Structure formats: structure tokens, C-alpha cells
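Below you'll find the structure, written out as C-alpha cells, and then a few comments.
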Amino acid sequence: MKARQLLPACMSFLCVTINLAVLAQPTSAQATLVHRLGRDTMAVEHFTRTANRLTGESVTRLGTAVARIQYDVAIGANGRPTAATYRVRTPAGTPLANQASEVRLTFMGDSVRREAVFADSTNTRMIAAPGGVPAVSPAYGLYEVPFALMRRGNLQTMTIAAFGPGANPQAITLTAGAGDTIRATNAAGLATVYRADREGRIQSIDATATTQKLTAVRTTARPDLSAVAAAMKPAGTLSGRGNTSASFLQSVVFVNYGRPQVRERTVWGGELVPFDAVWRTGANEATHLATSRELTFGDVVVPPGLYTIWINNVRGAPQLVINRQVGQWGTVYDAARDLGRVPLVMSATPDHVEEFTINVRAAGAGRGAIDLAWGSQMATATFAVR
């Protein structure tokens, strides 16, 4: 059969079209999920599901290397997994150096036996894990196993222990929502929203409310994953760190922050900085503000020291939030530790700002401003230096 093009995959700064060869006419049990970050394809996954088995592979360029995650899950007559095998491979399909050639899971009631197979030994552990199921990012087809259990039992909620190739499972709460949606919420309270039909078949994925920000759609085309892996380039660090500082009256105001990109998504009041929610003001580690002198933002007094800053994007009245907690990840926000909230003034940027940019600048004698620019708009807070 002739090869045909499925979807464009934008690699780093270059947009490359991946040629996905149609190897055979897919059946209703086969599916492909194309995982994207904005416009960029980050992973392509193909899997086959039958009554007693789920097998698949996800090729991902997230991180510093392209990897192929292969999985094979045995399913019992009750719909629950009985065993699973993971193999993580290089783009060429060979085992990773100095890593387990495969990881085997055996689900035994409220426990899981994990066997990591190396060339000269097998490391075996028994792990207590009520509700254990195989699940690893970005191989989201595995979620069809617990989704099918929910649909079969007409359950509104289910708590699972998601087992990947690593030794520690992740607690996930599944909640059936309106229509065909299922929310998968992790221990940090971040939720991925799936659309799954009455058989538990995934139709789409929306992880924009999580730190990964991925979305995915289902297609019936069957890709040549070896060709996909050969064409992919590692994404590397998706949001590098940035620093900005300015001097005032023999003192320094300094900000360290993560710099995510727009990637053709909506920004202020959209996917990236939604209305009426506190946003991390960057990516990855929390954004930190350091000052060696006392600052005043209107009525808010900021003593010398180290703080984290956030944006509360109240519709029509956005605020810069200054918080006393420091050293945490950017999703860890404790409102009880707020020092104060400062009004932000929104303005249009002269040009599109693809990479989130913070600028600390002087604004006259003993005065300064913090500009936070992204997309087509910039938020600004002014301060005085004492």
C-alpha cells in the first residue's frame, strides 16, 4: 500500500512532516494517539486492545533522548490486569545501556510483584498497591484498562496505583464527569481530562491543566513507529531558566524563572494563564524574587529577602502575588503564606512574545517595574525602593 501522511510533527524550531506508513487496515481494536504540546508533536503511540490483552508502543521525544516505550498487558476475565511487561528502547529498538532489558509486573490482589531483568540478574520486589494498574507517561493507551473497568461497573470514582517501569507507583483518582469525560487527578491535585466511550476507548486527552500541558487525539491510521523514532529529535528542556535584575540605590532586585513557549496556544485568559486562577509565573521550579532593600508595591511592603511570585489572573483585575514560601516546585502554592497581592496593569506588546519573558527595570529615581510579557500582552507592577 502507498504510504500517506498523517500529521505534521514540529521538531524543535523546524517543522518536519513525519511519514506514517499504513501497514494494514486497522480494526476497531487498534488506535493511534498523537500527543502534542501546542503545535509540536511530542509522542506518537499505537496500541491494540482485545478482551484479554493490550499491547502498544509510544515513541516520545520528551526529555534529552528519543525513547520507545513498549508495553504488553494481560487482562483477566474480570477486566483487571493480571500481568504487564515494559521494554524501554532506543530509537533503533535496542535495549538501553546499563538499564533493565524489561520490567515485568504481576498483579496479585493488593500487591504487585516487580521484576527488573538485567543481563546478569533479575531484581524482584513485592510492592503493596491496592488498585494496581499499568500506566506510564506518555503511553496513555494503558488507561483504557481502568477506564473499561469504570464503564463496566458504572463507577463514578476509582482510585488506582499507576505502575510504570519504575519501582514506585503513583496514586491516581479517576472521576467520571459529564458526558464521556473521565478526570485523572494525581496526588498534587493536577487533573488530566480524558474522553472515553462506554467501552473505555480513549477518544481524546487534555492535560493542559497539568505540568506536561500535552493534548492528544485518537486516529485509526497505523504509523511506522521505527520511521517516526528515526525522524524525531529530543525536545530537551522545554522551559529553560531565565534571570533578570536591576540595580536601585546600591541594591539589587533579582528574579529567576522558567520560560515556557506559547506554541500557538492561547495565553492571557486562555489555556496558559486562565482567568480566576493562580498561575506559577513561568514553568518548573517556582519563580523567585530576591531583593536586598525594602520594596513597596502600593500598600504592600516587601522586606529584604527571598520570595516567590505568582499571578492571580482575576478577570479585569489581575494581581501579582508575593509569597513567603521559597524553594518549592511551581505547582506548590500556599495562599496562607502570601505577603500581599499587587495590581497588575495590562498592555499590548509591540510584537508577539513567544517565550515568556520577565524584565526588572528602573522607572525613575528609587522606582522600578516588573514586566511580565507573553504572547500579545504584558502585565506590569511598579514599586518603590526604600
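The values are calculated or read from the model by the stated rules, or taken from the named source; none is laboratory data. The shown structure was predicted, so the numbers you read here are calculated from the model rather than taken from an experiment. All Cβ positions, even for glycine, are placed from backbone atoms using ideal geometry, and neighbour counts span all protein chains on display.
Take the conditions (1) hydroxyl-bearing (Ser, Thr, Tyr); (2) in the same structural domain as Gly327 (by TED's automatic domain parsing); (3) part of a loop (DSSP other than H, G, I, E, B); Thr208 misses just one of them, which is (2).
Considering Arg114, Arg151, Arg125, which residue is of a type in the set (Lys, Arg), assigned by TED's automatic domain parsing to the domain that holds Arg201 and under 21 Å from Thr192 (Cβ atoms)? Lay out the reasoning, then the answer.
Details: Arg114 fails: under 21 Å from Thr192 (Cβ atoms); Arg125 fails: under 21 Å from Thr192 (Cβ atoms).
The unique qualifying residue is Arg151.
Counting the residues of the stretch 89-114 that are more than 14 Å from Gly164 (Cβ to Cβ), under 27 Å from the mean Cα position of the chain (by Cα) and part of a strand (DSSP E or B) gives 2.
Taking Thr85, is it hydroxyl-bearing (Ser, Thr, Tyr) and either farther than 28 Å from Ala148 by Cβ or in contact (Cβ under 8 Å) with a residue 60 or more places away in the chain (or both)?
Numbers: hydroxyl-bearing (Ser, Thr, Tyr): yes; either farther than 28 Å from Ala148 by Cβ or in contact (Cβ under 8 Å) with a residue 60 or more places away in the chain (or both): no.
When the stated conditions are applied, Thr85 does not pass them.
With respect to (1) touching a His at 6+ places or on another chain (Cβ under 8 Å); (2) hydroxyl-bearing (Ser, Thr, Tyr); (3) surrounded by fewer than 19 Cβ atoms within 10 Å (Cβ to Cβ), the lone exception for Thr82 is condition (1). Search the stretch 290-303 for residues that are assigned by TED's automatic domain parsing to the domain that holds Ala363 and pair each with any residue that is charged (D, E, K, R) when their beta-carbon atoms are under 7 Å apart and the residues are at least 6 apart or on different chains. Partner pairs satisfying both residue conditions: Arg293/Arg386; Glu294/Arg386; Thr296/Arg386; Val301/Glu294; Val302/Glu294; Pro303/Glu294. Taking the criterion of being in contact (Cβ under 8 Å) with a residue 12 or more places away in the chain and assigned to a loop (DSSP other than H, G, I, E, B), the residues of the stretch 306-326 that qualify are Asn313, Val314, Arg315, Ala317, Pro318, Arg324, Gln325, Val326.
Within the stretch 91-120, the set of residues being without any contact (Cβ under 8 Å) to a residue 24 or more places away in the chain and hydroxyl-bearing (Ser, Thr, Tyr) comprises Thr94, Ser101, Ser111. A count restricted to the stretch 115-138 and to residues that are under 26 Å from the mean Cα position of the chain (by Cα) and either outside any strand (DSSP E or B) or not aliphatic (A, V, I, L, M) (or both) stands at 8.
Could you run through the stretch 194-232 and say how many residues are free of Cβ contacts under 8 Å to residues at least 60 places away in the same chain and under 21 Å from the mean Cα position of the chain (by Cα)? Walk me through it before giving the result.
Step one: of the stretch 194-232, the residues free of Cβ contacts under 8 Å to residues at least 60 places away in the same chain are 194-200, 203-204, 206-207, 209-210.
Checking which are under 21 Å from the mean Cα position of the chain (by Cα) leaves us with 194-196, 203-204, 206-207, 209-210.
Summing the residues that are free of Cβ contacts under 8 Å to residues at least 60 places away in the same chain and under 21 Å from the mean Cα position of the chain (by Cα) in the stretch 194-232 gives 9.
Per the conditions (1) surrounded by 13 or more Cβ atoms within 10 Å (Cβ to Cβ); (2) on the phi < 0 side of the Ramachandran plot, the sole criterion not satisfied by Gly375 is (2).
The one condition from (1) modelled with pLDDT of 90 or more; (2) under 19 Å from Gln203 (Cα atoms); (3) assigned to a loop (DSSP other than H, G, I, E, B) that Ala77 does not meet is (2).
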